[in-house]
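Scroll down for the structure; my scribbles are underneath it.
The values are calculated or read from the model by the stated rules, or taken from the named source; none is laboratory data. None of the values given here were measured: they were computed from a predicted structure. We place every Cβ from the backbone using ideal geometry, glycine too, and count neighbours over all the protein chains shown.
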Amino acid sequence: MSSGIETSAVKSWVGAHLVGGVRVEDGVLLEKVNPARPGTVLGRFPVAGQETVERAVMSAHGRLAAWRETGPIARADLLHGLAALMERDRAELAALITTEHGKTSAEAAAEVARSIEIVRFAAGMGRRLGGRTLPSDSPNTWSSTSRHPIGVVALITPWNFPLAIPVWKLAPALVAGCTVVIKPSPLAPFTAQRLVELAHEAGVPREVVNLVHGGGEAGTALVEHPLVRGVSFTGSVEVGRHVQTVAAASFTRTQLELGGKNAVLVLPDADLTKAADAIAHGAFGQAGQRCSATSRAIIHEDVFDEMVQLLAVRAGALRVGPPDDPGTDLGPLINDTSLKRCLDAVADAVRDGARLRAGGTAVETEDGGYFMAPTVITDVAADAALATTEIFGPVLVALRCRDFDEALAINNSVRYGMSATLFTGSLKLIGRFLAEAEAGMLHVNRPGVGAFPHMPHIGTKESQAGPAECSDDAFEFFTELRTATIGVG
């Protein structure tokens, strides 16, 4: 049963856990409000307790053998069907993302488009998910490897990509032959629920994909469950560390994609206009609420003042407002806690001597909402809190450097290593950057966010633990390798 949204207007949702295809509405009900219009309640959803989590895991476990025996090609065919349904409901999904998250209509449409491509890529892996034939030391002996699903997996997803991240966990898990329990963030519960409904409509057995709503208690219950053999989590470093610690007690696999404090390095020979456009896109797109957002610009002193001016002009030209307005460039932050965190971080830096070049304030709108002006700030030490801590908002710190070596050292000085970007025409320095920058996703002379559906989404240091997401590397997590050695003579 669909919870009922239309392209033209998002109706009130009645959220539910989906356990073996049955809507379960037990648990304390929480409200989800529109972050652009906090007086508007989008819907209510229950919070799973231990009993509901147990039922969901047992549902997934009970279907595991049959789903494994279905085979990767047949499983992939169902994913092709899911992609078709997402195409059919493209406008509906984008409207839900806009109201639930606060992304602009263009950003939401782009997320839906990318999600469809991720499903299609994962479905294509159904015909490629094989092993290797290997030479043998002994005569008349055949040796090979094969891949097998690890079992029931828990997919714990964040709010900032309410469709794309559930998709890039769910699609490879299903093709690999795993059965699933998804727990979306309570800040974005309904988009993931709609995805699960579409998977069921596409023919994926209802016991194969289960969903529970809730927060930390439900997440911990999933991680601790002895039948859960893998946990794929996206979120903060602190919660990821907790997931890793709890999972270690039972040797449960983990795949953790965590935070970032991503930098763009700008050298004197760079195309400054192109660099400024890329930095503004990376810093202020989606109101800075993505793990790969550009939050530091490390700029050579010879072009520092010019670059800061270009960035301030771009920040000041962006329109902040309702995300469903076609003229809006920046939507709201997800809630009042996020807005306060960003404003407080900027205020603390200013008190310590930092200089605001643009923004730094909340933006009032007719309907309320958690809006912040895109912010550019200078005169911040490279080791200051604002320059080293992820705050997840539209705040860009511009840092001055003397040369490439100092820029690279500043880039590598933080505990994160998600994304890094370099603007230069020097092939020698590009080579050094690709070899020495401590980040999983490297970019040169282009925006430093995102990649392509077939490329790994991966970080280093405290940004990542476990195999990459997206790409064929994701199957390293959802499958286990086995060898076979057979005497044939």
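Numbers at a glance
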| item | result |
| --- | --- |
| Residue within the stretch 163-173 that is in contact with a Gly (Cβ under 8 Å, 6 or more places away or on another chain) and either within 18 Å of L93 (Cα to Cα) or crowded, with 24+ Cβ neighbours inside 10 Å (or both) present | no |
| Residue ranges of strands (runs of 3 or more DSSP E) in the stretch 386-448 with at least 3 members not aliphatic (A, V, I, L, M) | 419-423 |
| Residue that is surrounded by fewer than 18 Cβ atoms within 10 Å (Cβ to Cβ), under 25 Å from A293 (Cβ atoms), assigned by TED's automatic domain parsing to the domain that holds V196 and modelled with pLDDT of 95 or more, where the choices are E69, E117, E87 | E117 |
| Selection status of L170, at pLDDT 95 or above, closer than 30 Å to S338 by Cβ and not in a helix (DSSP H, G or I) | no |
| Test: residue in the stretch 366-378 that is of a type outside the set (S, T, N, Q), assigned by TED's automatic domain parsing to the domain that holds I334, more than 18 Å from H300 (Cβ to Cβ) and within 20 Å of the chain's Cα centre (by Cα) | no |
| Options P226, P186, P205; residue that is modelled with pLDDT of 95 or more, under 20 Å from the mean Cα position of the chain (by Cα) and not hydroxyl-bearing (S, T, Y) | P186 |
| Given (1) in contact (Cβ under 8 Å) with a residue 12 or more places away in the chain; (2) over 25 Å from G49 (Cα atoms); (3) assigned to a helix (DSSP H, G or I); (4) out of contact with any helix residue (DSSP H, G or I) (no Cβ under 7 Å at 6 or more places or on another chain), index of the condition V112 fails | (4) |
| Filter pass, G448 being modelled with pLDDT under 95, touching a Leu at 6+ places or on another chain (Cβ under 9 Å) and farther than 30 Å from R68 by Cβ | yes |
| When residues of the stretch 139-155 are limited to those that are closer than 19 Å to E476 by Cβ and hydrophobic (A, V, I, L, M, F, W, C), the one surrounded by the fewest Cβ atoms within 10 Å (Cβ to Cβ) | I150 |
| Out of L272, L265, sole residue that is in contact with a Leu (Cβ under 8 Å, 6 or more places away or on another chain) and surrounded by fewer than 23 Cβ atoms within 10 Å (Cβ to Cβ) | L272 |
| Residue check for A192: in the same structural domain as H17 (by TED's automatic domain parsing) and either in a helix (DSSP H, G or I) or at positive phi (or both) | yes |
| Filtered residues of the stretch 134-151 (kept if of a type in the set (G, A, S), over 23 Å from W67 (Cα atoms) and not in a strand (DSSP E or B)) | S136, S138 |
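Let's see how each residue does on (1) touching a residue at least 24 places away in the same chain (Cβ under 8 Å); (2) surrounded by fewer than 24 Cβ atoms within 10 Å (Cβ to Cβ); (3) over 18 Å from S115 (Cβ atoms); (4) in the same structural domain as R44 (by TED's automatic domain parsing):
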position: T179; (1), (2), (3), (4): yes, no, yes, yes
position: H200; (1), (2), (3), (4): yes, yes, no, yes
position: R206; (1), (2), (3), (4): yes, yes, yes, yes
position: N210; (1), (2), (3), (4): yes, no, yes, yes
